[in-house]
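The values are calculated or read from the model by the stated rules, or taken from the named source; none is laboratory data. This one's a predicted model, so the numbers in the text were calculated from it and none came from an experiment. Here the Cβ is made from the backbone with ideal geometry for all residues, glycine too, and neighbour counts use every protein chain on show.
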Amino acid sequence: MSSISPPDPSAVRYEGPWTHRDVHANGIRFHVVEAMPEGGVVFADPETPLVVLLHGFGDFWWSWRHQLTALAELGYRAVAVDLRGYGDSDKPPRGYDGWTLAGDIAGLVRALGHTEATLVGHAEGGLVCWATAVLQPRVVRAIGLVSSPHPAALKSSILRDRKQRSAWLPNFLRYQLPRYPENLLTADDGAEIERLARHRAGEHWSGTAEFADTAERMRTAIRIPGAAHSGLEYQRWAFRSQWRPDGARFMQTMREPIHIPVLSLHGDRDHYILASTIRRGQEFSPRRRVVTIPDAGHYAHQENPAAVTAELATLLS
């Protein structure tokens, strides 16, 4: 596989039973994808419950294609987002801290014409869900998480659990270097993103044609100019802020319990974020329910989409 030049951001606007929109919120433009329910008309009624779907590191809205259409069929307004810096959304030079990201989602919910939404996030997208629920509680009805522990629980596991530390920390530290990680992620037409996904996925999915197609799309998305750098900035802020007042204040604030419904999903074959890490931190969300998804690795929403959608439907009911 070889490419002459980086792809245009519009390359991620894949056709399907959905519509692509540009929505301005918190000072930037977001690319969002909204599923069309039966009849082909996009929900515009603010009384229709809104579900906002947030992808993880090195990914983009396509990660939620299964839930996007399934939730629309169940009568919800399902919207998948390219997060700040990813896909066809704007890629500003700053704003990858927890405070700004929570403001992004709160502003997006309001820009879509709603006062509240259920947020669903995978991995880093789940961390944005946690942050928004704490920092912008008025706009969050409930949160659903796929392989995304509470940030304080993740930090505790990395410090105390050798297995979790060895699975998570090497890449995180490597990504703190200047320039090298950007080159790594975009070299050989984004081969590193496919390697990471294959390593973290369950073996039964990583050998399928669907995985190959998904990996190809991820490789395209990470090579969009600015996407690799922006994605890395999320992790760089998380690391560098630990020694600054803003990071200490953020983590202290995140320890405040939230009392909305929380659903934590974890693939039974996920060896990147361990089940013990997911189970930590119940004190931060007393109404949290933890569910193991069978036959799934780190990408449970793609590896066993029916099971994940069924659990989300329970959360939303």
**Study point:** Complete set of residues in segment 51-75 that are surrounded by 23 or more Cβ atoms within 10 Å (Cβ to Cβ) and part of a loop (DSSP other than H, G, I, E, B)
**Key:** H55, G56, G58, D59, F60
Check your understanding: Just wondering, is there one or more residues in segment 67-83 that are out of contact with any Phe, Trp or Tyr (no Cβ under 6 Å at 6 or more places or on another chain) and basic (K, R)?
Key -> no
Check your understanding: Restricting attention to segment 276-306, which residues are assigned to a helix (DSSP H, G or I) and either among the polar types (S, T, N, Q) or under 30 Å from R162 (Cβ atoms) (or both)?
Key -> S276, T277, I278, R279, Q282, E283, F284, A300, H301, Q302, E303
**Study point:** Residue satisfying condition, being within 18 Å of V128 (Cβ to Cβ), in a loop (DSSP other than H, G, I, E, B) and of a type in the set (D, E), within set E233, E256
**Key:** E256
Exercise for review: Out of L83, L119, L127, L101, report the one residue that is under 28 Å from A201 (Cα atoms), modelled with pLDDT of 95 or more and touching a Cys at 6+ places or on another chain (Cβ under 9 Å).
Suggested key: L119
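Listed here are the residues, each with its yes/no results for (1) among the small types (G, A, S); (2) in contact (Cβ under 8 Å) with a residue 12 or more places away in the chain; (3) over 24 Å from P9 (Cα atoms).
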residue	(1), (2), (3)
L185	no, yes, no
E194	no, yes, no
A201	yes, yes, yes
S241	yes, yes, yes
P245	no, no, yes
F250	no, yes, yes
Revision key, fill the gap. If you go through Q282, Q235, the only one that is surrounded by fewer than 23 Cβ atoms within 10 Å (Cβ to Cβ), within 16 Å of the chain's Cα centre (by Cα) and over 18 Å from W64 (Cα atoms) is Q235
Practice item. Determine whether L145 is part of a strand (DSSP E or B), surrounded by 20 or more Cβ atoms within 10 Å (Cβ to Cβ), at pLDDT 95 or above and touching a helix residue (DSSP H, G or I) at 6+ places or on another chain (Cβ under 6 Å). Key: yes
Point to revise | Unique match (being surrounded by fewer than 21 Cβ atoms within 10 Å (Cβ to Cβ) and within 17 Å of the chain's Cα centre (by Cα)) among H199, H229 | key: H229
